[in-house]
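What follows is a single structure, written as structure tokens, with notes after it.
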Amino acid sequence: MTDLPEAPQVAHGLDEVTVAPSVVTIGNFDGVHRGHGVLIGRAVNDASDRGIRSVAITFEPHPAAVLRPGSEPPRLQTLDARIGSLTDAGVDLVLVLPFTRELAALTPAQFVEQVLVERLRAQRVVVGTTFRFGAKAAGDVVTLVEEGERHGFATEAATLLDLDDIPISSSEIRRHLVDGDVQWAARALGRPFELAGTVVPGDGRGRTIGVPTANLDVPDGLVVPGNGVYAGHAVAGERRWPAVTNVGVRPTFDGANRSVEVHLLDADEDLYGSEVGFRFLHRIRGEQRFEGPEQLVARIRQDIEETRRHLATVG
């Protein structure tokens, strides 16, 4: 039996990995959704039964950013958040492989030998049935099974989960978020979708109309739900507040830049400079243009009451 690390570890590249027997699962793992959870859970349980470490391999940046620059999809999580979700899922080691043209050029056999065999000493590899790897995505599950027979590891292919007859995938979650369907996304993720950013000064208009907001500077490249008003919770560290957020360009004031503005219910906190996340629970309405500030304020008051009612129903 191998002594396992007491806390999850993170390695950025093969050079940081200690050679030791492993059960490995591989994927982009963007969002670490319920489908990913099946793979991770099987790897963690099998590693525990064998008394060896469980490893999740993920890639950064997204392969499309290297192979087809400009075509990469927006991400559901930052890399740090993805690593946090993977360690929360119970893996002993998160291996972040820098996705480079050199890595992309490895044949399936080379990838297996250099990554799975030489460094990770894989005894078992768990992937999805649609898994592809190696140069020009030439390798698939059958390839992995054949390589495993050569090198002495077993391969398990897990079927994708469905939700409402739709396979759960990162791309489907993105599509539902862009459509404003944050409830489907939450069911697929197994948790509410969270968008986080640093609170930065805005134009101050919210405070002048009695509805102060925290303006989130969201990192580039992340998915932002479709324009509209949403009920949910704001979070900062261990603190959490019921809140309502507006995503959009503020058409009533002829806005041009898209923003994410969070209003805390029954709280007035100075959050400037803090990292704040908003967990999207329910879409109240789409973005609207009003005749003037009075009509806008009246609708905001209605949005706040609808938010209270929704949060009361979900606890």
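The values are calculated or read from the model by the stated rules, or taken from the named source; none is laboratory data. The model shown is predicted, which means the values in this text are computed figures rather than measured ones. Cβ placement follows ideal geometry from the backbone for every residue including glycine, while neighbour counts extend to all protein chains displayed.
Residues considered: 213, 198. Of these, the only one that is over 20 Å from residue 314 (Cα atoms), more than 13 Å from the chain's Cα centre (by Cα), of a type in the set (Ser, Thr, Tyr) and modelled with pLDDT of 95 or more is 198.
Does residue 111 satisfy the condition of being free of Cβ contacts under 8 Å to residues at least 60 places away in the same chain, crowded, with 17+ Cβ neighbours inside 10 Å and touching a Leu at 6+ places or on another chain (Cβ under 9 Å)? Here the answer is yes, as residue 111 does meet what is asked. Given the structure, is residue 191 assigned to a helix (DSSP H, G or I), out of contact with any helix residue (DSSP H, G or I) (no Cβ under 7 Å at 6 or more places or on another chain) and of a type outside the set (A, V, I, L, M)? Here the answer is no, as residue 191 does not meet what is asked. In this structure, is residue 35 of a type outside the set (A, V, I, L, M, F, W, C), in a helix (DSSP H, G or I), within 24 Å of residue 137 (Cβ to Cβ) and touching a helix residue (DSSP H, G or I) at 6+ places or on another chain (Cβ under 9 Å)? Criteria met by residue 35.
Exactly one residue among 277, 248, 232 is closer than 21 Å to residue 187 by Cβ and in contact with a Lys or Arg (Cβ under 8 Å, 6 or more places away or on another chain), and that residue is 232. What residue, among those in the range 270-309 that are of a type in the set (D, E, K, R) and in a helix (DSSP H, G or I), is surrounded by the most Cβ atoms within 10 Å (Cβ to Cβ)? Out of the qualifying residues, it is 303. For residue 239, the test of being basic (Lys, Arg) and touching a Pro at 6+ places or on another chain (Cβ under 8 Å) is failed.
Yes/no per residue for (1) aromatic (Phe, Trp, Tyr); (2) in a loop (DSSP other than H, G, I, E, B); (3) assigned by TED's automatic domain parsing to the domain that holds residue 44; (4) touching a residue at least 60 places away in the same chain (Cβ under 8 Å):
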{"residue": "142", "(1), (2), (3), (4)": "no, no, yes, no"}
{"residue": "145", "(1), (2), (3), (4)": "no, no, yes, no"}
{"residue": "150", "(1), (2), (3), (4)": "no, no, yes, no"}
{"residue": "180", "(1), (2), (3), (4)": "no, yes, no, yes"}
{"residue": "197", "(1), (2), (3), (4)": "no, no, no, yes"}
{"residue": "210", "(1), (2), (3), (4)": "no, yes, no, yes"}
{"residue": "216", "(1), (2), (3), (4)": "no, no, no, yes"}
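Residues checked against (1) assigned by TED's automatic domain parsing to the domain that holds residue 179; (2) aliphatic (A, V, I, L, M); (3) on the phi > 0 side of the Ramachandran plot; (4) in contact (Cβ under 8 Å) with a residue 24 or more places away in the chain:
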{"position": "258", "(1), (2), (3), (4)": "yes, no, no, yes"}
{"position": "270", "(1), (2), (3), (4)": "yes, no, no, no"}
{"position": "274", "(1), (2), (3), (4)": "yes, no, no, yes"}
{"position": "289", "(1), (2), (3), (4)": "yes, no, no, yes"}
{"position": "293", "(1), (2), (3), (4)": "yes, no, no, yes"}
{"position": "297", "(1), (2), (3), (4)": "yes, yes, no, yes"}
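Residue count for the range 103-126 satisfying the condition of being farther than 19 Å from residue 154 by Cβ and under 26 Å from the mean Cα position of the chain (by Cα): 2. Only residues that are crowded, with 16+ Cβ neighbours inside 10 Å and either of a type in the set (A, V, I, L, M) or more than 19 Å from residue 12 (Cβ to Cβ) (or both) were counted in the range 35-64, giving 17. When residue 136 is tested against (1) free of Cβ contacts under 8 Å to residues at least 12 places away in the same chain; (2) at negative phi, just one condition goes unmet, and that condition is (2).
When 155, 130 are checked against the criterion of being closer than 16 Å to residue 39 by Cβ, touching a strand residue (DSSP E or B) at 6+ places or on another chain (Cβ under 6 Å) and either free of Cβ contacts under 8 Å to residues at least 60 places away in the same chain or assigned to a helix (DSSP H, G or I) (or both), a single residue qualifies: 155.
Against the definition (closer than 30 Å to residue 65 by Cα and surrounded by 15 or more Cβ atoms within 10 Å (Cβ to Cβ)), how does residue 260 come out, yes or no? Criteria met by residue 260. Taking only the range 47-89 into account, find how many residues are closer than 22 Å to residue 169 by Cβ and part of a loop (DSSP other than H, G, I, E, B). Total meeting the criteria: 12.
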